[in-house]
1. Can you give me the distance in nm between label points at T134 and S3, each placed 7 Å from the Cα along the Cα-to-Cβ direction?
2. Skip the ligands, DNA and RNA, and give the accessible area per residue of the chain with a 1.4 Å probe, whole Å².
3. Can you tell which of G27, G79, G171 shows the greatest fluctuation in a Gaussian network model of the chain with Cα springs below 10 Å?
4. Could you grab the relative contact order for the chain? Cα pairs under 8 Å, six or more apart, rounded to a whole percent.
5. Got a sec? What order do W193, W102, W115 fall in by accessible area at 1.4 Å, biggest, i.e. largest, first?
6. If you roll a 1.4 Å probe over the range 2-249 with all protein chains in place, what percent of the accessible area is carbon or sulfur?
7. How big is the range 1-50 in terms of Cα radius of gyration and Dmax, in angstroms?
8. Taking only DSSP H segments of four or more residues, each worth -39500 (n - 2.57), what value at 222 nm results for the chain once the sum is divided by all its residues, to the nearest 500 deg cm²/dmol?
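The values are calculated or read from the model by the stated rules, or taken from the named source; none is laboratory data. Just so it is clear, the model here is predicted, and its values are computed rather than measured. Note: ideal-geometry Cβ built from the backbone for every residue, glycine included; neighbour counts use all protein chains shown. Remember, those area values only see protein heavy atoms, side chains included, never the ligands or the DNA or RNA. Shrake-Rupley method; radii C 1.70, N 1.55, O 1.52, S 1.80 Å.
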Amino acid sequence: MLSVEGLSKVFGGFTAVSDVSFKVDRGEILGLIGPNGSGKSTTFNCIAGHYVPTRGRIAFDGRDITGKPANDICHAGIGRTFQIPRPFHKLTVLENVALAAWFGQNRKVDRTTCWRQAAEALELVGLPRDPHATTEGMGAAALKKLELARALASQPTLLLADESLNGLDPGEMQQAADMLSMIRRERGITIIWVEHIMGVLMRVVDRVVVLNHGAIIYDGNPHGAQENPAVIEVYLGRDAVKHQSGEAHR
Ligand code: ADP
Ligand code: MG
């Protein structure tokens, strides 16, 4: 469904993403993980059209989308959430989502359909469909849900979810993970989930790609990642690898 080949992004003299290649199959939930600053959001921003890649090629549904603007990519069926939610605070919650339905999808829809799609997206993420609800006083978890509802309202076939767990407590993290599973199940949406926290993500993803310093260090099943020395070193430090292989006290 998505193929990223030899993707690099250089800012000034700094290479944030270096020769990254991976594929995503239809129906999959792929975890894109790595420590802070490893290039996860930059990779997302290249796919979603917020950055023009320095090198490489991105294809979606067999079409080359490299360097295309964000609105074209959204219309092609790739929805995304942002790591830091920024809703329009002067609009109601429902209006925020309806706006995404109106401008985000490729086919022309009437207003009634937009309102319905917005209400459905709110329901799917578990936010009230109340037309008067405002964004005022919404906590981190609710804002993440709103972010997700806006992405879903654009009727994507591929969803890019950026750091959905940041700022959530452990219970909310479990809920967020279950929600992404449910979205795939109910809507058949393929998902790339970017996260620096490994724990709950591992339970719901089919495969993980691990980035470190802008390069891929692992691509495979979640179980294998947790036993991979390079991944353990990046997450827990060199001593943890020695400990795992029984060398800690030699
Ligand atoms: P992650 O999402 O994995 O935490 P990012 O992709 O946000 O990491 O960032 C990767 C690296 O690229 C970081 O060192 C970051 O400071 C740098 N970076 C990201 N965006 C920019 C930018 N617009 N200009 C300069 N450097 C950037
Ligand atoms: Mg990030």
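1. Output for this residue pair reads 5.0 nm.
2. With the other protein chains kept in place, the chain gives 48 Å² per residue.
3. G171
4. That works out to 25 percent.
5. Of W193, W102, W115, the descending order of accessible area is W115, W102, W193.
6. 52 percent
7. 11.4, 37
8. After summing the helix terms and dividing by the residues of the chain, the value is -12000 deg cm²/dmol.
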